[in-house]
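The block underneath contains the structure these notes are about, expressed in structure tokens.
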Amino acid sequence: MTAAQDAAVSGEGTSAETGRGPAVVRVERPDAAAVRELAGRVIAGAAGRPLDTQLRRVAVLCHELPLALREALVGLRLADDTSGGLVVSGLAVHETDLCPTPATGRREDRLPGQDGYDPELALADATLLLITSFLGDPISHADIEGGRLIRDVCAKRGDETQQLATGSRGELTYHCEDAYHDLRADWVLLLCLRNPERAATSFANIDDIELDSEVRSLLFEEKFSIDLDSSHQPGRLRPPTRQIAVLSGDPAQPFVCLDPEYMTKDLADGAARRALETIEGAVQQGLHDVVLETGDLFVIDNLRSVHGRRSFRARYDEKGRWLRTVHAAADLRRSAGQRTGSHGRAVLAHL
């Protein structure tokens, strides 16, 4: 058992499981109630505050999350458990009190506590922001939904086979989120509000993928081409193809940058092409399915893991699959001078 999981088990209100795939921490009722109460304080103090001020306040309040939950999150943040992901289950989300699943996703950029927010959704979003803020700082991309900070993940008619979060019938190929960008998020958080279809999120930690030394060595070289994925809307001109390394950092525990749908397979360097094909095939074989239920929060290490979504039959009704997502940056200063938006956290599209 890892250090992070040991810490979680030792807490009075939280227990952990081991096994293949992401680590799992179960939040028991006393801790879940404490998180919900803290989320209520976020909402109560939000009225009349600018968005950036609200986010600062959440960054302070997040340190009052239950101790065992904080210990598990620190283990993920410091990569002590090397799992590359953490499912926090048992958070208090009252599905029957939620508003209907949105048909196309919302576009307004608001934070919980502002006028017109569904009360149960506000508590869920405040919980999401608290946990995000403990890991790092919430961020978004300026060219995705106008830089909206908290976004919906739900099926949209017409997008069934698209490589988008709004797809359903087609599998969303595993990837690192915003792999094209140097300033991509360190963590991606997915909070499940509803999932009656039991759609599975696919996941693999790069540390679990076995590669021979020659392939690994090639993947550390900047020989691989990647394009901007279709969820971004950069304007009339598409950014140029970039040359990247698939693996970087510590060879013993590397970072990964991989998005097969947007990476060029027709490489002039035959050895590099075979190395890319090898890791893509190995990751595909190593994917683990995670079926989230209401109140489950999936925290994905976006530098050490990949994730996607299996195909499913969408309901397209007010009770259909609905996740909320926020991205987190470990160091907000890295993007200084390159952010915009009413909250100041939307990373600009240019590099």
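I need the helices of the chain that pass two filters: whole DSSP H segments spanning 30 Å or more by Cα along the axis, and mean Kyte-Doolittle score no lower than 1.6.
Membrane-span-like by this rule: not one helix.
Dividing the convex hull volume of the alpha carbon atoms of the chain by its residue count, what do you get in Å³ per residue?
In the chain, the Cα convex hull volume per residue is 128 Å³.
Please list the three semi-axes, largest first and in whole Å, of the ellipsoid equivalent to the range 233-285, using sqrt of 5 times the eigenvalues of its alpha carbon gyration tensor.
23, 15, 12
Aspartates and glutamates near K265 by alpha-carbon distance under 17 Å, same-chain residues fewer than 8 away left out - which ones?
Candidates past the 8-residue exclusion: E221, E222, D227, D229, E277, E280.
On the full set of protein chains, 1.4 Å probe, figure out the accessible area of R41 and give it in Å² to the nearest 10.
80
Expected output is a single nm value to one decimal: the length gained when fully extending between A336 and Q162, i.e. 0.36 nm times separation in residues minus the C-alpha distance. What is it?
Going from the current span to full extension adds 59.3 nm.
Taking the Cα-to-Cβ direction at F220 and at D208 and moving 7 Å from each Cα, how far apart do the two end points lie in nm?
Between F220 and D208, the simple spin-label model gives 2.4 nm.
Under a straight-distance cross-link criterion of Cα-Cα below 19 Å, which aspartates and glutamates are reachable from K319, leaving out those fewer than 8 residues away in the same chain?
Output for K319: E95, D97, D118, E120, D125, D152, D159, E160, E197, E293, D296.
What does the extension gain come out to for D118 and E197, with contour length at 0.36 nm per residue minus their alpha carbon separation?
26.1 nm
For a label point 7 angstrom out from the Cα of R169 toward its Cβ, which stretches of the range 317-341 have the backbone nitrogen within less than 20 Å?
From the range 317-341, the list is 317-318, 320-322.
Measuring from label point to label point, each 7 Å out along Cα→Cβ, what is the K319 to L183 span in nm?
In this crude spin-label approximation the distance works out to 4.3 nm.
For the range 34-183, what class follows from the C-alpha gyration tensor (a ≥ b ≥ c being the square roots of its eigenvalues): rounded when a/c is under 1.5, otherwise prolate if a/b is larger than b/c, else oblate?
Because a/c hits 1.5 or more and a/b fails to exceed b/c, the range 34-183 counts as oblate.
Rounded, prolate or oblate: which fits the range 105-263, taking a ≥ b ≥ c as square roots of the Cα gyration tensor eigenvalues, rounded meaning a/c under 1.5, else prolate when a/b beats b/c?
Prolate shape, in that a/c is at least 1.5 and a/b is the bigger ratio.
Could you check the spin-label model distance between E37 and T53? Points 7 Å from the Cα along Cα→Cβ, value in nm.
Placing both labels 7 Å beyond Cα along the Cβ direction yields 2.7 nm.
Just how much of V326 is accessible, in Å², when a 1.4 Å probe is used and the result is rounded to the nearest 10?
0
Can you show me the helix-derived [θ] at 222 nm for the chain, built from DSSP H runs with n ≥ 4 at -39,500 (n - 2.57) apiece and divided by the number of residues, rounded to the nearest 500.
Taking each H run of at least 4 residues, the total per residue is -7500 deg cm²/dmol.
List the trypsin sites (Lys or Arg not before Pro) within the range 203-252 that fall in a DSSP loop (any state other than H, G, I, E or B) and whose Cβ has at most 14 other Cβ atoms within 10 Å.
Hits after loop and neighbour filter: R236.
According to the square roots a ≥ b ≥ c of the eigenvalues of the Cα gyration tensor, what is the shape class of the range 298-344, taking rounded for a/c under 1.5, prolate for a/b larger than b/c otherwise, and oblate for the remainder?
Taking the square roots of the gyration eigenvalues as a ≥ b ≥ c, the range 298-344 is oblate.
Under 17 Å from a label point 7 Å along Cα→Cβ of D250: give me every residue in the range 65-81 with its amide N that close.
Hits in the range 65-81 for D250 at 17 Å: 74-81.
At a 1.4 Å probe, what is the % contribution of carbon and sulfur to the accessible area of the chain?
47
Using Cα pairs closer than 8 Å and at least 6 residues apart in sequence, work out the relative contact order for the range 257-351, in percent.
Once divided by the residue count of the range 257-351, the mean separation gives 12 percent.
What does the extension gain come out to for S230 and L67, with contour length at 0.36 nm per residue minus their alpha carbon separation?
So the chain would gain 54.7 nm between S230 and L67.
Write down the accessible area per residue of the chain in Å², having rolled a 1.4 Å probe over the full set of protein chains.
That works out to 42 Å² per residue.
For a quick check of understanding: with a 1.4 angstrom probe and all protein chains in place, what accessible area in square angstrom does Y262 have, to the nearest ten?
50
The values are calculated or read from the model by the stated rules, or taken from the named source; none is laboratory data. Since the structure is predicted, the reported quantities are computational estimates derived from the model, not experimental observations. Glycine gets a Cβ as well: all are built from the backbone with ideal geometry, and neighbour counts include every protein chain shown. We work out accessible area using only protein heavy atoms, side chains counted, and drop any ligands, DNA or RNA first. Shrake-Rupley method; radii C 1.70, N 1.55, O 1.52, S 1.80 Å.
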